[in-house]
1. Can you name the helices (runs of 4 or more DSSP H) wholly within region 192-270 that have at least 1 residues being of a type outside the set (Ser, Thr, Tyr), out of contact with any helix residue (DSSP H, G or I) (no Cβ under 9 Å at 6 or more places or on another chain) and at pLDDT 80 or above?
2. Which of the residues belonging to region 271-313 are of a type in the set (Val, Ile, Thr), crowded, with 23+ Cβ neighbours inside 10 Å and modelled with pLDDT under 90?
3. Evaluate region 182-189: report whether one residue or more is part of a helix (DSSP H, G or I), among the aromatic types (Phe, Trp, Tyr), modelled with pLDDT of 80 or more and not assigned by TED's automatic domain parsing to the domain that holds residue 416.
4. Sort out which residues of region 238-270 are among the aliphatic types (A, V, I, L, M) and surrounded by fewer than 20 Cβ atoms within 10 Å (Cβ to Cβ), and write them in order of number.
5. Would region 97-109 turn up any residue that is modelled with pLDDT of 80 or more, within 22 Å of the chain's Cα centre (by Cα) and crowded, with 20+ Cβ neighbours inside 10 Å?
6. Restricting to region 373-409, name every residue that is touching a Lys or Arg at 6+ places or on another chain (Cβ under 9 Å) and part of a helix (DSSP H, G or I).
7. So in region 1-28, with the set limited to residues that are of a type in the set (Ser, Thr, Tyr) and modelled with pLDDT of 85 or more, which one is nearest to the chain's Cα centre (by Cα)?
Amino acid sequence: MKKLNLFSQYRKFLILWGSQAVSSLGTAMTNFALIIWVYGQDGTASSITLLSVCSLVPSVLFSFIAGTLADRVDKKRIMLLADFMAAIGTTAVLILYLTNNLRIWHLYIINFLLSFMNAFQGPASYVATTLLAPKGQYVRVSGLQALSSSVVTILAPAFGSTLLAFGSLKTVLAFDLASFAVAFTTLLVFIDIPKVASQANKTKESFLKSCSAVINFLREQKALFRIILFFSFINLIAKMGGYGMMPALILSRTAGNQVSLGIVEAAVGIGSLAGSMAVTILKPAKSRTKVIFFACGISFLIGDIGQSFTSLVPVLAALAFFSNLPLPFLSANLTAIMRSKVPVEMQGRVFSARDTIQYSSIPVGMFLGGFLADYVFEPFMQNPSPLQRILEPVFGTGAGSGIAVMFFITGALGSVTSFMCMKNPMYKCLD
């Protein structure tokens, strides 16, 4: 009877997970197709970068407020409304495209509005997963979510390119709308998300007091707050190195060979997929924090430092695979800690506060990475000097050598910081 009840709880989560994965694939295919369309219209990297910024900034800015609201309002209603608004945005793009009125600035506005809605959907989805997943299985549940994310990362460019080749942008947008219909109908008809017992009391307290409660909670949970700050720093240097500058490194070292970039990016997705499958199958580790810090450190060591020493595409691809293999272990165990250590009635706010703190450093890292590469490290490695002559035999010469030096620096910072944290006893309380 107990096993049957466990299966029933897994069934509800799997139905939601599967339908949302289909919708995520449609969205990712649309994002891929729109990047190609925007580049074809403008031909500049900055237009694509601005498209990404519009998709990120609102989620970061409004995440904390949205999380507070998500803890006070029915989670299913928030998710349905966010999905519905996403469908309206896609429909608007489709109509503008069919009437030959679509412009790049339209996409900036639509992406900004959709990112604003995603700020509300994110925390609601976090809490919904906690309520639907069996207790004690949070690592495996997070592994399944990482698995679907990896599959989407691999399939979206392939499917998007195929539909663009045999159809057009309208075909991709139509597929996106069909995938939305699957997810929306499934959530509306087949998923009943349990209500949090203390939700009624939460709606009676002031909005400001509800926001301040999460600040007080993080002050008391010092280890949890420290690990959030740790990943804010990690996101900063990651965007300055391997996870922000990899396309620039590959293209500069292969004379702009897009096939080489595609090979390495495919290796990234396959590595994440293999890691996600392993997290789902293997027994959860006893020390989740050690897994988190070790996975982070080894990823920087293999990825950033390893890739800084070579320009051979097969080696770069192999390093990309092995550096992304441990990352699902990191994300799954980190999410499991959050789900188990944060009261369910506060998870929307705490998850949102975490996202605001961790992701606010990403735009800064992206900006610093591009600036340092173009105006500091690349020029430095092109001009002879005593230090340049020492670095030249290690990191090479010509285009990309300065970015390689950046990879080595960020890799050293990331790996050393991670391994030092793994030895810190203050994080044991999170296991």
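The values are calculated or read from the model by the stated rules, or taken from the named source; none is laboratory data. Computed from a prediction, not measured in an experiment: that's the story for all the values here. All Cβ positions, even for glycine, are placed from backbone atoms using ideal geometry, and neighbour counts span all protein chains on display.
1. Values: elements: 199-204, 207-220, 222-240, 242-253.
Result: 207-220.
2. 279
3. As a first pass, look at region 182-189 and keep what is part of a helix (DSSP H, G or I): 182-189.
From what is left, the residues that are among the aromatic types (Phe, Trp, Tyr) are 184.
From what is left, the residues that are modelled with pLDDT of 80 or more are 184.
Next cut, not assigned by TED's automatic domain parsing to the domain that holds residue 416 only: 184.
Yes; the residues of region 182-189 include at least one that is part of a helix (DSSP H, G or I), among the aromatic types (Phe, Trp, Tyr), modelled with pLDDT of 80 or more and not assigned by TED's automatic domain parsing to the domain that holds residue 416.
4. Going through region 238-270, the residues among the aliphatic types (A, V, I, L, M) turn out to be 238, 240, 245-246, 248-251, 255, 259, 261, 263-264, 266-268, 270.
Selection gives 251, 255, 259, 261, 263, 266, 270.
5. Kept after step one, since they are modelled with pLDDT of 80 or more, are these residues of region 97-109: 97-109.
Checking the rest, the ones that are also within 22 Å of the chain's Cα centre (by Cα) come to 107-109.
Keeping just the survivors that are crowded, with 20+ Cβ neighbours inside 10 Å gives 107.
Yes, some residue in region 97-109 is modelled with pLDDT of 80 or more, within 22 Å of the chain's Cα centre (by Cα) and crowded, with 20+ Cβ neighbours inside 10 Å.
6. Of the residues in region 373-409, the ones touching a Lys or Arg at 6+ places or on another chain (Cβ under 9 Å) are 396, 398-401, 403-404.
Residues satisfying the conditions are 401, 403, 404.
7. Applying the first criterion (of a type in the set (Ser, Thr, Tyr)) to region 1-28 yields 8, 10, 19, 23-24, 27.
Subset that is modelled with pLDDT of 85 or more: 19, 23-24, 27.
Details: 19: 19, 23: 16, 24: 12, 27: 14 Å.
This residue is 24.
Condition check ((1) in a helix (DSSP H, G or I); (2) crowded, with 23+ Cβ neighbours inside 10 Å; (3) of a type outside the set (Lys, Arg)) across all residues:
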residue: 112; (1), (2), (3): yes, no, yes
residue: 118; (1), (2), (3): yes, no, yes
residue: 124; (1), (2), (3): yes, yes, yes
residue: 127; (1), (2), (3): yes, yes, yes
residue: 135; (1), (2), (3): no, no, no
residue: 148; (1), (2), (3): yes, no, yes
residue: 154; (1), (2), (3): yes, no, yes
